[in-house]
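Take a look at the structure below.
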């Protein structure tokens, strides 16, 4: 197995473990504003994706990313399937030439663009875009303007995503099922944005491990702001990841 | 609650196998999917028409697969969108080289999964266009939806697009007539009782014995108003008024109407509703060109009905009259 492909397989395995570990936490976030299925759906999807990635025979990074995307697309369901998985299928093509600073930036930008287009969401809508946008912008700037090594750029991106997740708490949801709560969505942390942060944290941890360095911040604690909003009774609506008919 | 099912997890799978067992010469299931397609498809030199969505709305969706309507339909789990890979398999199977029109009901999961599938199919060289149906005049945003919901008017989109494709229309023409229906159709429904999903086994929402929900969605999403039970005539007046106010038709306009049962409504009651509907249309100076009564777009075992009105011109009349031969709808 080539280095890039193996690294991506390892990263996917780490993400699957992390999502499984955070499953109840994600479900709890979703039950406040949605239908409490985000944790279960994501855990099921990432477990299947990790297995599919491990089963590949000496894959390159693009193949792993595409396989993971397709598996998420078919296993996660609802809107999280196309958002987390479908976007990955399209962004995978950017890793055609392997993973380096340049292709990683292109991959990140395409991924964000696909999520924005598919979900018709922008920063401030209380969705996963609120975590991804600062992460991708910070990553790109750190590499292209500041000339930082990719691992340091990734660490800065994770930090930006964490602040993005915190930003979802005090704002009103305008996309996804949380939007039907109207002003009652204020005060709730978006589960989709939280999942996106967990994924980025694991990418950083695996990258640091493989480079043999300490990630600038690779600890896996989640920055959840406790949610004790008494309005949570409307928990049959809303989600970063709305379902369909 | 009692249900005529085995394991709730198997109900969609077993329903699909039951449909192919019922219509072995008409329907074929794509291996390892929940997709049913025309047994004789894809049809050469014809635009493919596809749709899909959650199960529980039977005969929607696969009941309309057949000559003159759909080429295939993807079934999701009960009230859940099919996944993008299922939609992609559907599109691929229904493309004979002349392109495919996807008819999407406006629910976020359906739209996102279908759009992802369309983009993937296009990367493989399939020409795909789509139309989003949003005929429910009751509410603008609700559970599962941004904008209006897609409900029973979708059947008329299948009919018009299917007839146009069968007549040799190209993809652009087929899309144009589908959009024409979307622009001219409105629907509103009411629930007398909640539906009960196989998974949950109890009512999705609480409705008192003496209450009804006006503007109900086809998954039991809230409507515009919960009110005390009313007579069939009074309910028909509420629904018809809301739909006609939305459509804002000129006097003398010809319309096709559907009184649709939600799954557990006796036909007797649907005809009672249609009787009053036709009187009201006459009072408004509208002319009924055709009236359909039956179960077209259901919500499991919900009792209630929806009223659909579609303004028609010569082109739509010809398309609605054109032959169709499907398990759930036959015109000749």
Worksheet item: By how many degrees, 0 to 90 and rounded to 10, does the Cα axis of helix A:191-211 deviate from the longest principal axis of chain A?
Response: 20
Worksheet entry | Antiparallel bridges, percent of DSSP beta bridges restricted to the protein assembly as shown (to nearest 5) | 55
Worksheet entry | Rg/Rg_globular for chain B, with Rg_globular taken as 2.2 N^0.38 Å and Rg from C-alpha atoms | 0.94
Worksheet item: residue B:22 versus residue B:4, label points 7 Å from Cα toward the beta carbon: distance in nm?
Response: 1.0
Practice prompt. Would you mind pulling out the separation of the Cα centroids of the stretch A:13-54 and the stretch B:118-173, in Å?
Written response: 32
Discussion item. Under 10 Å, Cα contacts only: if you run a Gaussian network model on chain B, which one of B:245, B:295, B:71 comes out with the highest mean-square fluctuation?
Written reply: B:245
Worksheet item: Of the residues B:208, B:68, B:109, which exhibits the maximal mean-square fluctuation in a Gaussian network model of chain B defined by a 10 Å Cα contact cut-off?
Response: B:208
Item to complete: Grab the Cα-Cα distance for residue B:290 and residue B:241, subtract it from 0.36 nm times how many residues apart they are, and report the gain in nm with one decimal.
Response: 15.8 nm
Worksheet item: Hey, if you drop one equal point scatterer on each alpha-carbon of the stretch B:68-151 and run the Debye formula without solvent, what base-10 log of I(q)/I(0) do you get at q = 0.13 Å⁻¹?
Response: -0.41
Discussion item. Between the stretch A:143-202 and the stretch B:252-285, what is the separation of their alpha carbon centroids in Å?
Written reply: 50
Worksheet entry | Largest to smallest principal axis extent of the C-alpha atoms in the stretch A:1-153, angstrom | 41, 38, 24
Response to the item:
The answer for the per residue Cα convex hull volume of the protein assembly as shown, in Å³, is 149
Worksheet, complete the sentence: Reduced to Cα centres, the span from the stretch A:77-110 to the stretch B:21-46 in Å works out to 34
Discussion item. Counting pairwise Cα distances across the stretch B:185-323, what percent come out greater than 28 angstrom?
Written reply: 18
Worksheet item: Taking the Cα atoms only, what angle lies between the long axis of helix A:101-119 and the longest principal axis of chain A, rounded to 10 degrees?
Response: 30
Worksheet item: Looking only at B:31, B:222, B:59, which one moves most when chain B is put into a Gaussian network model with springs between Cα atoms under 10 Å?
Response: B:31
Worksheet item: Against the longest principal axis of chain A, how steep is helix A:129-144, in degrees 0 to 90 to the nearest 10, with axes from Cα atoms?
Response: 30
Practice prompt. Give the Kirkwood hydrodynamic radius (Å, one decimal) of the stretch B:1-126, defined as one over the mean of 1/r across all pairs of different Cα atoms.
Written response: 14.5
Worksheet item: In peptide A:75-84, how many Cβ atoms from other protein chains are near each Cβ within 10 Å, on average?
Response: 6
Worksheet item: Based on the Kirkwood radius over alpha-carbon pairs, what value in µm²/s does the Stokes-Einstein equation return for the translational diffusion coefficient of the stretch B:198-246 at 25 °C and 0.890 mPa s?
Response: 202
Worksheet entry | Sites residue B:202 and residue B:232 - FRET efficiency at Förster radius 30 Å, r taken between beta-carbons, to 0.05 | 0.60
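All of the numbers you see were taken from the coordinates with simple rules; none came from a lab. Just so we're clear, the structure is a prediction, and the values are computed from it rather than from any experiment. When we count neighbours, we look across all protein chains shown, and the Cβ atoms used for this are built from the backbone with ideal geometry, even at glycine.
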